[in-house]
1. Give me the percent of Cα-Cα pairs in the stretch 1-53 that sit more than 19 Å apart, rounded to a whole number.
2. Given the convex hull of the Cα atoms of the stretch 150-189, what is a quarter of its surface area in nm²?
3. Arranged from highest to lowest average of other beta-carbon atoms within 10 Å per residue, in what order do the peptides 23-35, 6-18 appear?
4. Which of the pairs 7/51; 23/56; 18/121; 121/141; 51/125; 7/125 have their Cα atoms more than 26 Å apart in this structure?
Amino acid sequence: MDRRQQKSREAILDAFSKLLSEKKYNRISVQEIIDRANVGRTTFYAHFETKDYLLKELCNELFDHIIGTAMGQSHNRDHRDEEGDQDSVFLHLVQHLQENDRNVLGLLSLDNNEIFMRYFKDELKRLIITQYVEKKLLTDKLPEDYLVNHISSSFVETVVWWLSEGMKDTPRMITTYFLTLIDPLIKTM
């Protein structure tokens, strides 16, 4: 992708993000995104097939960084706590959610969007497979696909609960709650 295309793509993502902070996803039209991004309809559709694909790209952007970190790729942020222990990839994800990059928290609110929730769970499943399944860290007492679905659903519900409570707890505390729930599903080595 050349610089001009990258700039247009970024303008579309930024415009969409700003609109998400102002109104619900279902009330945003492609025309509003195009107008806010100051691009043509053809340019929009050259980058994103539909508004739903634009939404999916927001999810991909968030999770690509998280999964890259989980797989050991280097990033600017060090994920170690005060004792030097490696932070949970789930803590890293909650911290990103707290930063509300691209207004993603609005999509997780109680008026959530089914499409976003599906993308969010799909990306979480990919993360869980990377962190637990491929490393053979999940219990073998239950079917693998069931466990992956259960863990991803539990994480989404944990985040939705955290939002409904006004994000009073820290990302570390929310992660501790979640890991306490899934701990029985993880093999002790």
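Every number here is computed from the coordinates shown, using simple stated rules; none is lab data. Predicted model only: the values in this text are computed from it and were never measured. Here the Cβ positions follow ideal geometry from the backbone for every residue, glycine too, while neighbour counts run over all protein chains shown.
1. 17
2. Taking the Cα atoms of the stretch 150-189, their convex hull projects to 2.9 nm² on average.
3. 6-18, 23-35
4. 7/125
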